[in-house]
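The values are calculated or read from the model by the stated rules, or taken from the named source; none is laboratory data. As the structure is a computational prediction, the values presented were derived from the model and not from experiment. Counting neighbours? That spans all protein chains shown, and the Cβs are built from the backbone with ideal geometry, glycine included. In case anyone asks, the SASA skips ligands and DNA or RNA and just uses the protein heavy atoms, side chains included. Shrake-Rupley method; radii C 1.70, N 1.55, O 1.52, S 1.80 Å.
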Amino acid sequence: MIDLHTHTTESDGTLSPIELVDAALAAGLEALAITDHDTFSGYDEARPYAEAKGLPLVCGIELSTAWGVPKERTVHLLGYWLSSPPTQAFRDWLIGIQEARRDRNRRLAARLRELGMDVHVEEAEALGRNMTGRPHFARVLVAKGYCRDIEDAFDRFLDESAIAYVDRDEPSFAEGVRRINEGGGISSLAHPARLGRTAEDEDCIVATMAAMNVHAIEVWHTDHDRAVSERYLELSRKHDLLATGGSDFHGAVKPKVKLGVGPGHLAVPMSVLRQLRSARSQQSESPPRDQDSVVK
Ligand code: AMP
Ligand code: ZN
Ligand code: FE
Ligand code: FE
């Protein structure tokens, strides 16, 4: 069993990179990918430790991208580096993304103050280390007694549909895919169920994404029961895409989600990672050709 979707304290998880590796070993995982939001620092920190402990660790990331022109919604996009590390160009591009997140955080704090709450960006950053995000603001709102719990903070203030929500500059989905692919990674649409669309719409959206050269979709995820996972597996085959899967483990902030097993129809086998690796090596062995010929 493997888990290709997890978060550490370097984004909005509650286990440090080292603790996550220990938890993966304790859970008996055969391989783990760290996919923090907008940063590799958790992976970078965990790598030597995972190597020493003999746990195969995959370098990953989860990006927030804008879907639709004008933007309809945020869509999460996973990237995986299986054979070589991310290029310097990709890491440089990421610095701009991180800056846009900090700018959003400053505006979000100002918006919360405008609504009468005494919240400062430094308070969220004290919890959030590298990649402070809305979950850290939610924890500040709870700690200061403005909200009952994290869910309440999102429902009333932080959710995309709530009153304190402020947008941030996100790359388009197509740009995210292009940057990951050109940066040596495999790109995968995260938790397609969160598109919140009908099966028919999903088919159309995934077709569009495939035309943008996304390599994979996340077939197995905590939010997908067996029937949903089967539908996404079909969809991946129909559009000639690879399949990825993982729990989206965040630690204590999402206590129901367990490494490797979910809930959801999880227990992703090692063969999934082998397939990704073999697709990736075929891709890098083939001579550079035009974009259309990227092996999916
Ligand atoms: P950010 O990247 O800072 O905009 O924060 C996005 C993160 O907030 C997501 O990855 C989720 O972990 C979390 N999140 C978003 N919506 C909700 C919600 N309604 N309830 C709990 N957590 C949420
Ligand atoms: Zn998260
Ligand atoms: Fe996500
Ligand atoms: Fe995630």
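Under 1.5 on a/c is rounded, so check that first for segment 175-258, then, if it is not, pick prolate when a/b is larger than b/c and oblate when it is not; a ≥ b ≥ c are the square roots of the alpha carbon gyration tensor eigenvalues.
oblate
As an exercise, use a Förster radius of 22 Å and the Cβ-Cβ distance of Glu19 and Arg156 to find the FRET efficiency, rounded to the nearest 0.05.
So the FRET efficiency works out to roughly 0.10.
Which log10 I(q)/I(0) values does the chain give at q = 0.08, 0.16 Å⁻¹ under the Debye formula, counting every alpha carbon as one identical point scatterer?
-0.33, -1.38
To the nearest 20 debye, what charge dipole does segment 158-296 have about its Cα centre, counting +1 at the Cβ of each Lys and Arg and -1 at the Cβ of each Asp and Glu?
660
Length gain on complete extension for the stretch Asp118 to Glu51, per 0.36 nm per residue less the alpha carbon to alpha carbon distance?
Taking 0.36 nm per residue and subtracting the Cα distance, the gain is 19.7 nm.
Take each of the peptides 10-18, 240-248, average the number of other beta-carbon atoms within 10 Å over its residues, and list them starting from the highest.
Those peptides, ordered most packed to least, come out 240-248, 10-18.
Can you give the charge dipole size of the chain about its Cα centre, rounded to the nearest 20 debye, using +1 on the beta carbon of Lys and Arg and -1 on the beta carbon of Asp and Glu?
Dipole size: approximately 120 debye.
Provide the FRET efficiency to the nearest 0.05 for the Asp169-Ala211 pair, computing r from the beta carbons and using R0 = 30 Å.
Efficiency at R0 = 30 Å is approximately 0.75.
Which of the peptides 37-46, 82-91, 220-229 is most tightly packed, and how do the rest follow, judged by the mean count of other Cβ atoms within 10 Å per residue?
37-46, 220-229, 82-91
Keeping the other protein chains in place, figure out the carbon and sulfur percent of the accessible area of the chain, with a 1.4 Å probe.
51
Per q in 0.11, 0.17, 0.20, 0.27 Å⁻¹, report the Debye log10 I(q)/I(0) for segment 61-144, using one uniform scatterer on each alpha carbon and no solvent.
The calculated log intensity ratios at q = 0.11, 0.17, 0.20, 0.27 Å⁻¹ are -0.40, -0.84, -1.02, -1.28.
State the answer as a single residue: which of Ile205, Ala46, Phe90 lies farthest towards the positive end of the charge dipole of the chain, with beta carbon charges of +1 for Lys and Arg and -1 for Asp and Glu, about the Cα centre.
My answer, from the dipole projection, is Ala46.
What whole-number value in Å² describes the accessible area per residue of the chain for a 1.4 Å probe?
That works out to 44 Å² per residue.
Determine which aspartates and glutamates satisfy two conditions relative to Lys238: a Cα distance under 15 Å, and not lying fewer than 8 residues away in the same chain.
Cross-link targets: Glu200, Asp201, Glu202, Asp203, Glu218, Glu230.
How charged is the neighbourhood of Thr87? Take every other residue with its Cβ under 12 Å from the Cβ of Thr87, and add Lys/Arg as +1 and Asp/Glu as -1.
Taking every other residue near Thr87 into account, the sum is 0.
How many angstrom separate the Cα center of segment 139-159 from the Cα center of segment 1-70?
26
Heavy-atom accessible area of Cys204 with all protein chains present, probe 1.4 Å, nearest 10 Å²?
Result for Cys204: roughly 80 Å² accessible.
Please find, in a Gaussian network model of the chain (springs between Cα atoms separated by less than 10 Å), the residue of Gly260, Gly28, Gly145 whose mean-square fluctuation is greatest.
Result: Gly145 has the largest fluctuation of those listed.
Name all residues of segment 16-54 having a backbone nitrogen under 20 Å from the label point set 7 Å from the Cα of Arg91 along its Cα→Cβ direction, giving them as ranges.
The answer is 17-18, 33-52.
If r is the Cβ-Cβ distance from Lys238 to Ser271 and R0 is 22 Å, what FRET efficiency results, to the nearest 0.05?
0.65
Give me the percent of DSSP beta bridges within the chain that run antiparallel, rounded to the nearest 5.
Bridges in the chain are about 50 percent antiparallel.
Net charge near His5, counting Lys/Arg +1 and Asp/Glu -1 over other residues with Cβ under 14 Å of its Cβ?
-4
Test of understanding: express the Cα radius of gyration of segment 138-214 as a ratio to 2.2 N^0.38 Å, with N the residue count.
Rg over 2.2 N^0.38 Å, computed on Cα atoms: 1.48.
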